[in-house]
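Please read the structure below before turning to the comments.
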Amino acid sequence: MTITSSDVCVIIAARNAARTIAVAIASALREPEVAEIVVVDDASTDDTADVARAADDGSGRLSVMRLDINRGPSFARNAAIAASKSPFISILDADDFFLEGRFRNLFAVADWDFAADNIMLIRDDTTTDPAKVVAPRFQAEPESLGFEQFIEGNISRRRVQRGELGFLKPVISRAFLDRHGLRYDEKLRLGEDYELYARAVALGARFKVIRSCGYGAIVRADSLSGRHKTQDLKRLADADLALLALDSLPERSKAVLRRHERHVRDKYRLRNFLDVKAERGLASAAAYAFASQSNLVPILQGVASDKLEALFRHAGFAPRRAPPLRFLMDGTRVEKDL
């Protein structure tokens, strides 16, 4: 794939990100392949928009839009896609940053519609200055990501550090999105990346992944994705049902997708049980749990697991804390030049 030096539009949907957005913008402005940066301030109550404008380097690449009503990341990203024209799109979260040379490495890989690299996950309580982070060098080892592998890679497991493939932040071909009429699902405030990637791959997108690291993600306990509502889980499970209606999916792919749908739906059932208990009491929650076996089994399993974890913590066996720095995907380190 041959490109010029200015092909990428970086989209940053931001809400109350005044503390971090300048670093995100600076990391994008540093990359010569970036022709546009569109920041969409999603009705922040702080000075996110002013801080973003102040981060401009005078090159004319940065524009800042502001929404008066909070509409969620999908709406904000779609608005930025509509307002931009570069042939490639790259999503950057407002508290994350690109590592230098990211796009050079991604565009060195041929034949793709989506191209993603490894993510360096940095715990937010570390003293690391994102502007000074240098990731270890990994061999690229490009590989294609198929539908079933992607869906399986988004089924999280208890007591296992999260590393779902939906966390990937690929560079996306605008031509592919336009050809298939794809945009972010604005009903979703959780899993919107997962849904877009899954639908694209189901429609034939060539999704390439390299192990080289070009994206730095700050892992925060209070992130927007970590504060999702119970109904957000239901909407994500319903999105899986919509994907199941695609005629192009073979049965083995649908079987994997059904597992993901049940996984998310079971989380919703447990969360909804706890909400009902908090709002209307144990009797109402029990009635909800016993209304069907589909409700009862994941609720019993979830409550039992929560109680067991609480007992272990009380006994001094706290769950192992995530390391200050880790990577979404394993990779083979490049030996230092002699």
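Residue-wise test of (1) within 16 Å of Phe150 (Cβ to Cβ); (2) over 13 Å from the mean Cα position of the chain (by Cα).
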residue: Arg179; (1), (2): no, yes
residue: Tyr184; (1), (2): no, no
residue: Leu188; (1), (2): no, no
residue: Glu195; (1), (2): yes, no
residue: Ala202; (1), (2): yes, yes
residue: Ser212; (1), (2): no, yes
residue: Arg220; (1), (2): no, yes
> For the stretch 266-283, does any single residue satisfy the condition of being among the hydrophobic types (A, V, I, L, M, F, W, C), open to solvent by less than 30 Å² (accessible area, probe 1.4 Å) and either on the phi > 0 side of the Ramachandran plot or touching a Leu at 6+ places or on another chain (Cβ under 6 Å) (or both)?
Replying inline: no
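Of all residues in the stretch 56-81 being part of a loop (DSSP other than H, G, I, E, B) and basic (Lys, Arg), which is nearest to Val38 (Cα to Cα)? Outline the logic, then answer.
Filtering the stretch 56-81 for residues part of a loop (DSSP other than H, G, I, E, B) gives 56-61, 68-72.
From what's left, basic (Lys, Arg): 61, 71.
Values: Arg61: 8, Arg71: 16 Å.
Ranking the qualifying residues of the stretch 56-81, first place goes to Arg61.
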>> Given the criterion in contact with a helix residue (DSSP H, G or I) (Cβ under 9 Å, 6 or more places away or on another chain), modelled with pLDDT of 95 or more, open to solvent by 10 Å² or more (accessible area, probe 1.4 Å) and in a strand (DSSP E or B), identify the matching residue among Ala22, Ala13, Ala18, Ala26.
In response: Ala13
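Would you point out which residue out of Arg157, Arg162 is surrounded by fewer than 19 Cβ atoms within 10 Å (Cβ to Cβ), basic (Lys, Arg), in a loop (DSSP other than H, G, I, E, B) and within 16 Å of the chain's Cα centre (by Cα)?
Numbers: Arg157 fails: within 16 Å of the chain's Cα centre (by Cα).
Going through Arg157, Arg162 in turn, just one is surrounded by fewer than 19 Cβ atoms within 10 Å (Cβ to Cβ), basic (Lys, Arg), in a loop (DSSP other than H, G, I, E, B) and within 16 Å of the chain's Cα centre (by Cα): Arg162.
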>> Need pairs with beta-carbon distance below 6 Å; first residue without any contact (Cβ under 8 Å) to a residue 60 or more places away in the chain and within the stretch 57-73, second open to solvent by 60 Å² or more (accessible area, probe 1.4 Å); sequence gap 6+ or separate chains.
In response: Leu62/Asp56; Val64/Arg53
>> One residue is enough: does the stretch 62-79 have a residue meeting the conditions modelled with pLDDT of 95 or more, open to solvent by 10 Å² or more (accessible area, probe 1.4 Å) and small (Gly, Ala, Ser)?
In response: yes
>> For the stretch 87-108, give me the residue count where each residue is among the small types (Gly, Ala, Ser), buried (at least 18 other Cβ atoms within 10 Å of the Cβ) and either over 14 Å from the mean Cα position of the chain (by Cα) or over 14 Å from Pro170 (Cα atoms) (or both).
In response: 1
> When residues of the stretch 126-154 are filtered for being in contact (Cβ under 8 Å) with a residue 40 or more places away in the chain and open to solvent by 30 Å² or more (accessible area, probe 1.4 Å), how many remain?
Replying inline: 15
>> Looking at the stretch 281-308, I want the residues that are farther than 19 Å from Arg262 by Cα and have a partner that is open to solvent by 60 Å² or more (accessible area, probe 1.4 Å) and among the aromatic types (Phe, Trp, Tyr) with Cβ atoms under 6 Å, at least 6 apart or on another chain. Which pairs are those?
In response: none
>> Looking at the stretch 96-113, I want the residues that are among the aromatic types (Phe, Trp, Tyr) and have a partner that is open to solvent by 10 Å² or more (accessible area, probe 1.4 Å) and part of a loop (DSSP other than H, G, I, E, B) with Cβ atoms under 6 Å, at least 6 apart or on another chain. Which pairs are those?
In response: Phe103/Glu33; Phe107/Ile3; Trp112/Arg206
> Among (1) out of contact with any helix residue (DSSP H, G or I) (no Cβ under 6 Å at 6 or more places or on another chain); (2) under 26 Å from His180 (Cα atoms), which single condition is Val303 missing?
Replying inline: (2)
>> So if I check each of Ala239, Ala205, Ala200, which one is crowded, with 18+ Cβ neighbours inside 10 Å and not in a helix (DSSP H, G or I)?
In response: Ala205
>> For the stretch 109-125, give me each residue that is surrounded by 14 or more Cβ atoms within 10 Å (Cβ to Cβ) and part of a loop (DSSP other than H, G, I, E, B).
In response: Val109, Trp112, Asp113, Asp124
> Can you pull out the residues in the stretch 20-56 that are over 20 Å from Leu67 (Cβ atoms) and hydroxyl-bearing (Ser, Thr, Tyr)?
Replying inline: Ser27
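The values are calculated or read from the model by the stated rules, or taken from the named source; none is laboratory data. Just so you know, these numbers come straight off a predicted model, no measurement behind them. Note that each Cβ is placed from the backbone with ideal geometry, even for glycine, and that neighbours are counted across all protein chains shown. The area values use the complete protein model at the heavy-atom level, side chains included, leaving out ligands, DNA and RNA. Shrake-Rupley method; radii C 1.70, N 1.55, O 1.52, S 1.80 Å.
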